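*Asks:* If you scroll down you'll find the structure; I have some questions about it.
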Amino acid sequence: MASTQELSLEEYRRYGRQMILDNFGLPAQLKLRTSSVIVIGAGGLGCPALQYLVAAGVGTIGIVDHDTVEISNLQRQILHSEEKAGLNKALSAAEALTSINSNIKLITYPHAITPENSASLLEPFDIVLDCTDNPATRYLLSDTCVVLKKPLVSGAAQRFEGQLCTYNYGDGPCYRCLFPKPPRPEFAGSCTELGILGTVTGVIGNLQALEAIKIITGLHEGKPTLLLYSALSTNPFKSVKLRTRRPTCPACGVEGQKFGTIAATDYVAFCGGPRPDWETLGLYEGSNR
Amino acid sequence: MASTQELSLEEYRRYGRQMILDNFGLPAQLKLRTSSVIVIGAGGLGCPALQYLVAAGVGTIGIVDHDTVEISNLQRQILHSEEKAGLNKALSAAEALTSINSNIKLITYPHAITPENSASLLEPFDIVLDCTDNPATRYLLSDTCVVLKKPLVSGAAQRFEGQLCTYNYGDGPCYRCLFPKPPRPEFAGSCTELGILGTVTGVIGNLQALEAIKIITGLHEGKPTLLLYSALSTNPFKSVKLRTRRPTCPACGVEGQKFGTIAATDYVAFCGGPRPDWETLGLYEGSNR
Amino acid sequence: MSQSTLSIKVEFGGGLELLFSNQRSHKVSLPSHVPTAPPDANTTSEQGKKESGRPADITYLMYWMRDNLLKEREELFIENGTVRPGILVLVNDTDWELEGEGEYVLQDGDEIVFISTLHGG
Amino acid sequence: MSQSTLSIKVEFGGGLELLFSNQRSHKVSLPSHVPTAPPDANTTSEQGKKESGRPADITYLMYWMRDNLLKEREELFIENGTVRPGILVLVNDTDWELEGEGEYVLQDGDEIVFISTLHGG
Ligand SMILES: [Zn+2]
Ligand SMILES: [Zn+2]
């Protein structure tokens, strides 16, 4: 810890405007520098989240994305650029982020997260950001975060709407406490493109970065809430009080009271993307049944 | 208008994910392309606002900033980068934006907005974004937008808080309807640095871009509201119903009912920055007294 | 049994509004108690009739919405006597699980939100 | 004159909370009518006494807050008998101008917000 007790002059200059905030100061800045966040998905939500995590000085940031940049992404995925078309998104994002803040250690994972690699991928990090775009990965991330006891800052956006929730933090619920089983694939919003406004992903991704920063610096109130955002409403934001952890939750519930099971098929991608030969990992079988 | 009726194949690919939204489609995309927005300030609010305006396809975008990039900006001004330190912010922002969307016509004004140039600067644009950081410019922008009959999408952020309001739109108020006279300089938040969290400017800047996009595409409800954002609250957003235009407003009121005057000193920078030899422009004297 | 009615504000989000005339906000008036005899046998469900006479609760509201306002496929709203997986219900800005879920007894003026979890990013 | 009290939720924002113990949210109980005789001459203002006996309105609340909760310089809160320039008052999430400004008569349970306009960016 010795080397983490000081900031360089450059860091003082860079972070001064946030360090003078109430209840922030040097301690919070040092916490940011020694902490690590992994962002799953460098798309519409991941790009703005990554920008602000990097700018704020989160010391180590993992970026996971198997996808490549396409011109149709640029309407909202503002870390990528025209010349990056065809490049892996994790690598493209890292390149843009390095020029914002070269102090940050960026670790890129240019491949998919799967039931086989999720635990080892997330384990080294303090906080996980769900910036993905499909139900299968959302369940996989939640179940893995429960096993690893890590907070999961989950964002989602579709059409003109967004949702934000930090799962598995304090005595708050996990994703499965709220949604014990995935919707049937045929109802899960078909993978035909639903449409999305860029600023909606921007707002939610920004707020995901803020949640992580609040958790790291001790500014988070710890009350489980779900933020609902509807961009076209006159009253666009609604903050909802959530249940605490459900003892009967098949993922995070109390042993002996759990109800229902976690099916291997929960992690099967509903549509699109590569479909590996999925099988449920012993990890989840063992700890959840 | 003939050439504005079609999109290129590249544009269809780029904007497809927003064009399939309800009440959007080709008409909204064409409106975006033929519209123009000027962003005053390429700092904490201006950077995210510009990113999403450019990504969404607003055809012509003006960027006004007299300031140069400093390392202390990078904690929140996410279009700038380390290598741009010392460069003018309008130019630095334009360089970053071009790589996101080379279809957009970017017009940079690497100088300050003043009572002398404000009318000619804003006149060519459809919508004005106030992304500035001082009361003097806020009054100047509001008064000028009243004279020019342009909507003013105003964002502000300090410490852990942000505010968003679209002034002078529909029968909504102007900034002076709400705040007839500026606070006394000595109370206006001293120019000692107050501190600001990057994600707070990020969220408000994003929402400013969204307001402009909603106005351009006809998706704006037109009801005057003020959005209050408090990043550390469990219930972080509050949407407030505002008065309509005030007949007695010294700026936008009805001739003969106006009460109070617009002082030349309202535009004097309260602190910091260059202090030119200000004088009230005939424009404002003539139309407001 | 009371003949009075309750005025309830019902909101849909996350795409569920597409099933209800693409209208996010509905003001509905429904009986304060579950009717004993269905006023119209065609539009009242078996489940809605069950335990008739009880005070109107969210389960009743759910069936009432289905019978009176649902425009499209029922299976996207109801499954096995409750909301389908992926839908969260809110009672006056609070997770319905804290209020008794389907058995929460409606109060005049309540705001009930049915929201579908989003998956996009 | 009624002796009853009103329970009011008062919130501060935009930096104004710094004048009030750095606390954004306050639950206050104040008389439903402006007292005729000041209970404590030291802490009750001239302006607050003016028109004593009238129902408590926002102007009275403003002086009541000053007398009972203001920790710092009064001139940052009150100027010429109203809030100082740059402060907006909200009555139950509505601009006070739509509610009668300082003359709005407080109702039990009201939420009154005093917010300072921000200038930063
Ligand atoms: Zn759980
Ligand atoms: Zn006005």
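The values are calculated or read from the model by the stated rules, or taken from the named source; none is laboratory data. None of the values given here were measured: they were computed from a predicted structure. We place every Cβ from the backbone using ideal geometry, glycine too, and count neighbours over all the protein chains shown. When the accessible area is computed, the model is the full protein with side chains, heavy atoms only, and any ligands, DNA or RNA have been set aside. Shrake-Rupley method; radii C 1.70, N 1.55, O 1.52, S 1.80 Å.
*Asks:* If you go through the range B:154-183 one residue at a time, how many are within 16 Å of ligand 2 (Cβ to nearest atom) and either crowded, with 24+ Cβ neighbours inside 10 Å or of a type outside the set (Asp, Glu) (or both)? Write out each step before concluding.
*Replies:* At the first step, the residues of the range B:154-183 found to be within 16 Å of ligand 2 (Cβ to nearest atom) are B:154, B:165-182.
Still in the running and either crowded, with 24+ Cβ neighbours inside 10 Å or of a type outside the set (Asp, Glu) (or both): B:154, B:165-170, B:172-182.
Qualifying residue count, the range B:154-183: 18.
*Asks:* Quick one: which residue in A:Leu106, A:Leu129 is open to solvent by 30 Å² or more (accessible area, probe 1.4 Å) and part of a strand (DSSP E or B)? Don't jump to the end; show me each part of the working.
*Replies:* Working: A:Leu129 fails: open to solvent by 30 Å² or more (accessible area, probe 1.4 Å).
Exactly one of A:Leu106, A:Leu129 is open to solvent by 30 Å² or more (accessible area, probe 1.4 Å) and part of a strand (DSSP E or B), namely A:Leu106.
*Asks:* What pairs come up if the first residue lies in the range B:122-149 and is over 13 Å from B:Phe179 (Cβ atoms) and within 16 Å of ligand 1 (Cβ to nearest atom), the second is of a type in the set (A, V, I, L, M) and at pLDDT 95 or above, and their beta carbons are under 8 Å apart, counting only those six or more places apart or on different chains?
*Replies:* So the pair list comes out empty.
*Asks:* Looking only at residues in the range B:48-68 that are among the aliphatic types (A, V, I, L, M) and part of a strand (DSSP E or B), which one is surrounded by the fewest Cβ atoms within 10 Å (Cβ to Cβ)? Let's see the steps before the verdict.
*Replies:* Of all residues in the range B:48-68, those among the aliphatic types (A, V, I, L, M) come to B:49-50, B:53-56, B:58, B:61, B:63-64.
Restricting the remaining residues to those that are part of a strand (DSSP E or B) gives B:61, B:63-64.
Values: B:Ile61: 26, B:Ile63: 28, B:Val64: 28.
Among those that are among the aliphatic types (A, V, I, L, M) and part of a strand (DSSP E or B), it is B:Ile61.
*Asks:* Could you check the range A:151-170 and list, in sequence order, the residues that are in a loop (DSSP other than H, G, I, E, B) and either β-branched (Val, Ile, Thr) or within 13 Å of chain C (Cβ to nearest Cβ) (or both)? Let's see the steps before the verdict.
*Replies:* Step one: of the range A:151-170, the residues in a loop (DSSP other than H, G, I, E, B) are A:151, A:160, A:168-170.
A:Phe160 - this is the single residue of the range A:151-170 that is in a loop (DSSP other than H, G, I, E, B) and either β-branched (Val, Ile, Thr) or within 13 Å of chain C (Cβ to nearest Cβ) (or both).
*Asks:* Considering only residues of the range B:1-50 that are without any contact (Cβ under 8 Å) to a residue 40 or more places away in the chain and hydroxyl-bearing (Ser, Thr, Tyr), which is farthest from the other protein chains (Cβ to nearest Cβ)?
*Replies:* For the range B:1-50, the residue satisfying everything is B:Ser3.
*Asks:* Got a number for residues in the range B:132-150 being part of a helix (DSSP H, G or I) and farther than 19 Å from D:Pro85 by Cβ?
*Replies:* So in the range B:132-150, the residues part of a helix (DSSP H, G or I) come out as B:135-148.
Subsequent filtering for residues that are farther than 19 Å from D:Pro85 by Cβ retains B:144-145, B:147-148.
Residues in the range B:132-150 being part of a helix (DSSP H, G or I) and farther than 19 Å from D:Pro85 by Cβ: 4 in total.
*Asks:* Considering (1) more than 14 Å from chain B (Cβ to nearest Cβ); (2) in contact (Cβ under 8 Å) with a residue 12 or more places away in the chain, say which one A:Val254 fails and leave the rest.
*Replies:* In the conditions (1) more than 14 Å from chain B (Cβ to nearest Cβ); (2) in contact (Cβ under 8 Å) with a residue 12 or more places away in the chain, A:Val254 misses (2) alone.
*Asks:* Let me ask something additional. Is one or more of the residues making up the range B:133-152 within 22 Å of D:Phe114 (Cβ to Cβ) and surrounded by fewer than 20 Cβ atoms within 10 Å (Cβ to Cβ)?
*Replies:* No: zero hits.
*Asks:* Give the residue that is surrounded by the most Cβ atoms within 10 Å (Cβ to Cβ), with candidates limited to residues of the range C:58-78 that are of a type in the set (A, V, I, L, M) and assigned to a loop (DSSP other than H, G, I, E, B).
*Replies:* Ranking the qualifying residues of the range C:58-78, first place goes to C:Leu70.
*Asks:* Being of a type outside the set (Lys, Arg) and either within 14 Å of chain D (Cβ to nearest Cβ) or within 13 Å of ligand 2 (Cβ to nearest atom) (or both) is the filter here, so list the residues in the range B:140-150 that pass it. Give the derivation first.
*Replies:* As a first pass, look at the range B:140-150 and keep what is of a type outside the set (Lys, Arg): B:140-148.
The answer is B:Leu140, B:Leu141, B:Ser142, B:Asp143, B:Thr144, B:Cys145, B:Val146, B:Val147.
*Asks:* A follow-up question, please. Among the residues of the range C:79-103, which ones are open to solvent by less than 30 Å² (accessible area, probe 1.4 Å), under 22 Å from A:Lys223 (Cβ atoms) and more than 7 Å from chain A (Cβ to nearest Cβ)? Don't jump to the end; show me each part of the working.
*Replies:* Step one: of the range C:79-103, the residues open to solvent by less than 30 Å² (accessible area, probe 1.4 Å) are C:83-91, C:94-96, C:102.
Right, trim to under 22 Å from A:Lys223 (Cβ atoms) and you get C:88-91, C:94-96.
C:Val89, C:Val91, C:Trp96, listed by residue number.
*Asks:* Taking the condition modelled with pLDDT under 95, farther than 29 Å from B:Asp22 by Cα and among the acidic types (Asp, Glu), does B:Glu255 pass?
*Replies:* Working: modelled with pLDDT under 95: yes; farther than 29 Å from B:Asp22 by Cα: yes; among the acidic types (Asp, Glu): yes.
So B:Glu255 passes the test.
*Asks:* Turning to a different aspect of this structure: Would you mind stating whether B:Ile71 is within 14 Å of chain A (Cβ to nearest Cβ), open to solvent by 10 Å² or more (accessible area, probe 1.4 Å) and more than 26 Å from A:Val54 (Cα to Cα)?
*Replies:* Details: within 14 Å of chain A (Cβ to nearest Cβ): yes; open to solvent by 10 Å² or more (accessible area, probe 1.4 Å): yes; more than 26 Å from A:Val54 (Cα to Cα): no.
No.
*Asks:* Shifting gears a bit: Within the range B:234-251, can you find the residues that are assigned to a loop (DSSP other than H, G, I, E, B) and within 8 Å of chain A (Cβ to nearest Cβ)?
*Replies:* Of the range B:234-251, the ones assigned to a loop (DSSP other than H, G, I, E, B) are B:234-236, B:242-251.
Residues satisfying the conditions are B:Thr234, B:Asn235, B:Pro236.
*Asks:* Give the residues of the range A:215-233 that are facing chain B (nearest Cβ under 7 Å) and either at positive phi or not hydrophobic (A, V, I, L, M, F, W, C) (or both), sorted by residue number.
*Replies:* First, the residues of the range A:215-233 that are facing chain B (nearest Cβ under 7 Å): A:219, A:221, A:223, A:225, A:231-232.
Residues satisfying the conditions are A:Glu221, A:Lys223, A:Thr225.
*Asks:* Could you list all residues from the range B:109-121 that are part of a helix (DSSP H, G or I), farther than 21 Å from B:Phe179 by Cα and of a type in the set (S, T, N, Q)? Don't jump to the end; show me each part of the working.
*Replies:* Narrowing the range B:109-121 to residues part of a helix (DSSP H, G or I): B:118-121.
From what's left, farther than 21 Å from B:Phe179 by Cα: B:119-121.
Across the range B:109-121, the qualifying residue is only B:Ser120.
*Asks:* Give the number of residues within the range D:77-121 that are under 24 Å from B:Thr137 (Cα atoms) and among the hydroxyl-bearing types (Ser, Thr, Tyr).
*Replies:* So the answer is 2.
*Asks:* Would you pick out the residues in the range B:74-103 that are touching a strand residue (DSSP E or B) at 6+ places or on another chain (Cβ under 7 Å) and either open to solvent by 50 Å² or more (accessible area, probe 1.4 Å) or within 14 Å of another protein chain (Cβ to nearest Cβ) (or both)? Reasoning before the result, please.
*Replies:* Narrowing the range B:74-103 to residues touching a strand residue (DSSP E or B) at 6+ places or on another chain (Cβ under 7 Å): B:76, B:86-91, B:93-94, B:97-98.
Listed by number, the residues that qualify are B:Arg76, B:Gly86, B:Leu87, B:Lys89, B:Leu91, B:Ala93, B:Ala94, B:Leu97, B:Thr98.
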